[in-house]
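First up is the structure itself, then whatever we jot down about it.
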Amino acid sequence: MNKLKLYSFLSSAFIFSITAQAASKVFIDGNNMYHYLTQNNKALVGKNSDYQFVLSNQVTLPNGVTKKKYSLYYKEIPVFNAILTSSELSGVENAWYGQMMIDIEKDITNTIPSLNSKEVLKIAKKNASLIENDVIKNEKAQLYVRINENNKAELVYLVSFNVESYNVQRPYYMVNAQTGEIISSWNGLTTRDAEGPGGNQKTGAYYYGRDYGFLNVSDTCQMTNQDVDTYDMNNQITGGTIYKFACPLRSTDRPVNNGKAVNGAYSPINDAHYFASIVLDMYRKWFSLNPLKSKFQVRVHFGTNYEGAFWNGQQMTFGDGGANTYPFTAIDVMAHEVSHGVTEFNSGLLYKGQSGGINEAFSDMAGETAENYLNLQLGKENDWLGGATIMKNQVAMRYFKNPTLDGMSIDNAKNYNDSMDVHHTSGVFNKAFYTLSTTPSWDIRKAFGSFLFANQMYWQPETTFNSAACGVAKAAADLGYEVNDVLASFRSVGVDANCNVDDPATDSEIEISNGTIVNNIKLAAGDEHRYLIKVPVLNKYPFGYDLLSIQVTDNQNNAKNSAQLYVRYEDGTLSRVLLAGNEYFNIKKPAAGNYHILIKGVTANSVNLTAFYGNLQ
């Protein structure tokens, strides 16, 4: 090792005597190194001292000054957070800066740790909650001397390893070398915060690192991090490379990417890289989902004057726009394309007919939800407009509140026909989404969560408007949200979300009165038991009832695995199943009329039926 004897610059060790009663930190700034040593009686003794500064790096600048960096060791063990730098010119070192530790031996009399590196790695990996398919590489456990928050020296291990999975990470742990206590932990995957412009002539310029968060890039100033790779297509339609910009000369300076303004936008590649991370954050933090199950691949500056963006099954691609549009790298457009991938990996909705309209609408909803996710951080409100920031001559591409404002979209299923473009039939579900999101006790997060869960669990490739709406109603029930609000939102756009099934009335129904409990209904798989409860007209205030509740339970008060409950409302002119496949059914403000109950056996069991309507006090 290259070691420094600070006083004479002749031998290999920097050594001083001790007068304090415990370890402490000493901050060095400027030319006061020798002054500190002199004033505090820190005598330099032989080269065999326990303290050594080891040269770890040096760089010679164009002006001839050599910057040197030293790390402090105590008894051959590196001391954590003890680094000094100096400036050397013509063999003379001055301008010292950094921190050193003294009097370590007052606290540490034995430098042999109780735990070895394998043992602390085991402790760290247990804490990391790894899953079966995680691949662990690059395991490290370095022993250090550390001055803790109580100014006491202790032996610690700095442990790290790479986790190669869909959620790439590099956990770091500080572990007490004697007790195994985890002192602190963090994710240390190597990234860098960068700055730069964004926006276009319509949005106005904004600046990453000031108006928005920082750009998360690599240490070498490439547009890559653990979640997103952003490629510059350089106006080609094939190829492309991960975009790289010039790093500052000093590693302590923050990188700035001012690159590639085009078509009225100040840096589409900055926008794309940042917004991709925001979309991923939204899916992860709001919905606990890695949307594409792999690292985002984002391609920018695609083709020449390309007015569009797309998902190709692997990547999100964005054109620079043309006469009618700015570059397509807006947050709602980014989320739109990512969410086509979500649909592909979940329901696989075909991109035609009603399923195609639902596919487009789901991506539109995702775009508005991501925009809301970002706006909440910025203190802004939703505009309920899709693609508004990229349109040059129009207000927006999509209008959630009134889809027909674009002159082509429909807002009611009655206006649908199979010859229509899926971008225009999407208006039906977009308006239902807006209506649900703005319903009291709802918000955009709840609404999109219901549509997302339907996409994950209920929708099929050729789902129709009605069956997709039924899936959203089921999803809302699964998530504990008010199903009747879902039904009402879809009714407003001419879509039936009631999960209609073939359930004709029969003479085998048993009428039950209000508050009845029917016990010990014996079921076998496929058995059907039918009941009827009549909700009467109430001709005095409040002229109706607050609630109708119908529930099926078993001995564990949950018949979900034993039976399916179906309820059909009938007033002589309309029959529909309000909710199917659940063990309970609640409706607020039930209309007067007949409610037909069907219990279908799933497994052999005995269940109980309870039916009640009334007013809440």
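The values are calculated or read from the model by the stated rules, or taken from the named source; none is laboratory data. Since the structure is predicted, the reported quantities are computational estimates derived from the model, not experimental observations. Reconstructed Cβ throughout: ideal geometry from the backbone, glycine too, with neighbour counts over all protein chains shown.
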In the stretch 416-443, how many residues are part of a helix (DSSP H, G or I), surrounded by fewer than 24 Cβ atoms within 10 Å (Cβ to Cβ) and either in the same structural domain as Met282 (by TED's automatic domain parsing) or of a type in the set (A, V, I, L, M, F, W, C) (or both)? 1
Would you mind stating whether Ala124 is in contact with a strand residue (DSSP E or B) (Cβ under 8 Å, 6 or more places away or on another chain), in a helix (DSSP H, G or I), modelled with pLDDT of 80 or more and among the small types (Gly, Ala, Ser)? yes
Restricted to the stretch 537-562, and to residues that are under 22 Å from Gly526 (Cβ atoms) and of a type in the set (Gly, Ala, Ser), which residue is surrounded by the most Cβ atoms within 10 Å (Cβ to Cβ)? Ala559
Which of the residues spanning the stretch 398-419 are in contact (Cβ under 8 Å) with a residue 12 or more places away in the chain and hydrophobic (A, V, I, L, M, F, W, C)? Phe400, Met408, Ile410, Ala413
Based on this model, can you work out whether Val156 counts as crowded, with 19+ Cβ neighbours inside 10 Å, at negative phi and in contact (Cβ under 8 Å) with a residue 60 or more places away in the chain? yes
Residue identified as surrounded by 19 or more Cβ atoms within 10 Å (Cβ to Cβ), aromatic (Phe, Trp, Tyr) and either over 13 Å from the mean Cα position of the chain (by Cα) or under 18 Å from Asn234 (Cβ atoms) (or both) among Phe302, Phe296, Phe275, Phe310: Phe302
Restricting the stretch 341-352 to residues that are surrounded by fewer than 23 Cβ atoms within 10 Å (Cβ to Cβ) and on the phi < 0 side of the Ramachandran plot, the one nearest to the chain's Cα centre (by Cα) turns out to be Gly341
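Just the residues that are under 21 Å from Pro327 (Cβ atoms), assigned to a helix (DSSP H, G or I) and of a type in the set (A, V, I, L, M, F, W, C), please, taken from the stretch 384-408.
Across the stretch 384-408, the qualifying residues are Ala388, Ile390.
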Mind listing whichever residues of the stretch 499-515 are surrounded by fewer than 15 Cβ atoms within 10 Å (Cβ to Cβ) and at pLDDT 85 or above? Ile510, Glu511, Ser513, Asn514, Gly515
Number of positions in the stretch 139-196 that are among the small types (Gly, Ala, Ser) and modelled with pLDDT under 90: 7
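Can you tell me which residue among Ser437, Ser441 is of a type in the set (Gly, Ala, Ser) and without any contact (Cβ under 8 Å) to a residue 12 or more places away in the chain?
So the residue among Ser437, Ser441 that is of a type in the set (Gly, Ala, Ser) and without any contact (Cβ under 8 Å) to a residue 12 or more places away in the chain is Ser437.
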Selection status of Ser355, more than 25 Å from the chain's Cα centre (by Cα) and within 15 Å of Phe451 (Cβ to Cβ): yes
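Within the stretch 432-439, does at least one residue satisfy the condition of being over 20 Å from Ser409 (Cβ atoms) and either at pLDDT below 90 or of a type in the set (Gly, Ala, Ser) (or both)?
Checking the stretch 432-439: not a single residue is over 20 Å from Ser409 (Cβ atoms) and either at pLDDT below 90 or of a type in the set (Gly, Ala, Ser) (or both).
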Kindly establish whether Thr230 is at pLDDT 90 or above, at negative phi, within 26 Å of the chain's Cα centre (by Cα) and not in a strand (DSSP E or B). no
Taking the conditions exactly as written (outside any loop (DSSP other than H, G, I, E, B), farther than 21 Å from Phe214 by Cα and in contact with a helix residue (DSSP H, G or I) (Cβ under 8 Å, 6 or more places away or on another chain)), does Phe275 satisfy them or not? no
Is it true that some residue in the stretch 281-291 is at pLDDT 95 or above, closer than 17 Å to Met233 by Cβ and either out of contact with any Lys or Arg (no Cβ under 8 Å at 6 or more places or on another chain) or surrounded by fewer than 21 Cβ atoms within 10 Å (Cβ to Cβ) (or both)? no
What number of residues within the stretch 463-484 are part of a loop (DSSP other than H, G, I, E, B) and within 15 Å of Phe362 (Cβ to Cβ)? 2
